[in-house]
Amino acid sequence: MQRIIDRRLQVKVVRHNPDLYVCRLAGEVDLLTVPTLVRVLDELREREVPAVIVDLTGVTYCAAAGVRALLDATHAARAVRQRLAVVIASLTVARVLKATDTIDGIENYSNLSEAMRAMVE
């Protein structure tokens with residue numbers, strides 16, 4: 001388990017099994033905290049983790065910079081055949097993704113258990 005605490009964003013990475021890691025975020029994803037998220041997702045991609053779930057359940061605010069980071073991470077993951085999914089349980093976060101027309105480009109689920117079931121199939 002890896003835990004990164006930024007003043008406004010907490011990131012906890014948990015290894016569910018050798019092929020699946022869950023990256024849980026809590027707090028705000030904005031221009032100042034996006035570099036933390038990007039660094040974690042880049043590290044998981046470089047470690048060749050086959051599947052990653054980014055759990056946004058604890059996110060209270062997601063700016064356009066956060067949406068861009070998730071979309072970029074999705075494209076980078078696909079390029080190396082890593083599967084990346086996002087849990088979008090908050091209406092606030094879902095609205096931002098829908099408003100920017102990026103929700104269709106990101107594999108997304110409404111809760112963590114649904115995402116985990118899909119990722120281990």
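It is to be established whether one or more residues within segment 70-92 are open to solvent by less than 50 Å² (accessible area, probe 1.4 Å), free of Cβ contacts under 8 Å to residues at least 24 places away in the same chain, hydrophobic (A, V, I, L, M, F, W, C) and at negative phi. No. Residues of segment 35-69 that are open to solvent by less than 20 Å² (accessible area, probe 1.4 Å) and in a helix (DSSP H, G or I): Thr36, Leu37, Val40, Leu41, Leu44, Gly66, Val67, Ala69. The residue list Arg81, Arg24 contains one member that is in a loop (DSSP other than H, G, I, E, B) and not polar (S, T, N, Q), which is Arg81.
Scanning segment 8-34 for residues that are touching an Asp or Glu at 6+ places or on another chain (Cβ under 7 Å) and either crowded, with 16+ Cβ neighbours inside 10 Å or of a type outside the set (Lys, Arg) (or both) yields Leu9, Val22, Cys23, Arg24, Leu25, Thr33.
In the condition set (1) over 17 Å from Leu84 (Cβ atoms); (2) modelled with pLDDT of 90 or more, Val11 is compliant with all but (1).
Scanning segment 34-67 for residues that are among the β-branched types (Val, Ile, Thr) and within 13 Å of the chain's Cα centre (by Cα) yields Val34, Thr36, Val38, Val40, Val52, Ile53, Val54, Thr57, Val59, Val67. Suppose we filter segment 91-113 for residues that are over 20 Å from Val13 (Cβ atoms) and modelled with pLDDT of 75 or more; how many remain? Residues meeting the conditions: 1.
The values are calculated or read from the model by the stated rules, or taken from the named source; none is laboratory data. Keep in mind it's a predicted model, so treat the numbers as computed, not measured. Ideal geometry is used to build each Cβ from the backbone, glycine not excepted, and the neighbour counts take in all protein chains shown. These area figures cover heavy atoms from the full protein model, side chains too; ligands, DNA and RNA do not enter into them. Shrake-Rupley method; radii C 1.70, N 1.55, O 1.52, S 1.80 Å.
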